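This report concerns only the one structure given below.
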Amino acid sequence: MLAVATDEQRLVDFIREQATATRVEIQARKRLSGGAIQENWLLELLIEGGPWAGTRRWVLRSDALSALPASLDRAQEFAVLQVAHQAGVKVPRPLWLCRDTQVHGRVFFLMEYVSGVAAGRVLSAGAGAQGRARLAEQLGANLARLHQIRPPSAALDFLPVPQRSPALATVDAYRRYLDTLDDAYPALEWGLRWCELHAPRDSRLCLLHRDYRTGNYLASEQGLEAVLDWEFTGWGDP
């Protein structure tokens, strides 16, 4: 059993206060693989007293040093997780947000740990045809629940709502990005022009994950367990 290091005492105090516990001990702490944009740490905890008493496995998620400007910050991602979880979308249960950078050095939030496999090659090799079909169905059903979340949403008021066609708004955003680059990319410009000319006229705004792919969800023998990495979420048309 590992002793709590002095520099972790603020984190222990934060968890104890949020969990209304009498004592919290971090028994193990391990950085999880992946997370090029954010850092994820698995905390194995022993909690005494309060509603969370017992052994717990939670994940601490904070910005990595290579965070992208286009991604949501951790407070915003935490709000997205709360809304998605309340809507029945399969996500890790969000627990608490900490804005005090004295606790961990960066803003972070805690969520429940979800076991499962994310690597596509492992999922393909081990699931079999029936398992893959079941997983695809569950991914679609989960996506349908997500797309039932529509603006306006007071909890997600930091997400800009497109004032015109979401497709055209996305074209505009990519054009603005290309304008910041030194080199010209005529093939991309041509593609954006094609998208502009063929953009759908009618749109239905809802919440989009925007990175819904293998590697960003966890699955087990029972199927889909949770969708991860919500830092690119926004309003759009699926």
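The values are calculated or read from the model by the stated rules, or taken from the named source; none is laboratory data. Note that the structure is a prediction, hence the values are computed from the model and not measured. Quick reminder, even Gly has a Cβ in these numbers, built from the backbone with ideal geometry, and neighbours come from all protein chains shown.
For (1) in contact with a Lys or Arg (Cβ under 6 Å, 6 or more places away or on another chain); (2) touching a residue at least 60 places away in the same chain (Cβ under 8 Å); (3) not in a loop (DSSP other than H, G, I, E, B), each residue gets a yes or a no:
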{"residue": "46", "(1), (2), (3)": "no, no, yes"}
{"residue": "60", "(1), (2), (3)": "no, no, yes"}
{"residue": "72", "(1), (2), (3)": "no, yes, no"}
{"residue": "83", "(1), (2), (3)": "no, yes, yes"}
{"residue": "90", "(1), (2), (3)": "no, yes, no"}
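Residues being modelled with pLDDT of 95 or more, farther than 24 Å from residue 15 by Cα and either assigned to a helix (DSSP H, G or I) or not assigned by TED's automatic domain parsing to the domain that holds residue 188 (or both) are entirely absent from segment 74-81.
Among residues of segment 212-233 that are part of a loop (DSSP other than H, G, I, E, B), those with a beta-carbon under 6 Å from a residue that is of a type in the set (Val, Ile, Thr) and modelled with pLDDT of 95 or more at least six positions away or on a different chain give the pairs 230/80; 233/80.
Would you say residue 57 is over 24 Å from residue 150 (Cα atoms) and surrounded by fewer than 21 Cβ atoms within 10 Å (Cβ to Cβ)?
Values: over 24 Å from residue 150 (Cα atoms): yes; surrounded by fewer than 21 Cβ atoms within 10 Å (Cβ to Cβ): yes.
Yes, satisfied.
Checking segment 168-178 against the condition returns no match, with no residue being surrounded by 11 or more Cβ atoms within 10 Å (Cβ to Cβ), within 17 Å of residue 136 (Cα to Cα) and in the same structural domain as residue 140 (by TED's automatic domain parsing). The set of residues from segment 79-125 being of a type in the set (Val, Ile, Thr) and either surrounded by fewer than 16 Cβ atoms within 10 Å (Cβ to Cβ) or farther than 24 Å from residue 155 by Cα (or both) comprises 101, 103, 114, 117, 122. Picking from residues in segment 21-44 that are under 26 Å from the mean Cα position of the chain (by Cα) and either over 28 Å from residue 72 (Cα atoms) or outside the structural domain of residue 95 (by TED's automatic domain parsing) (or both), the one that is surrounded by the most Cβ atoms within 10 Å (Cβ to Cβ) is 26.
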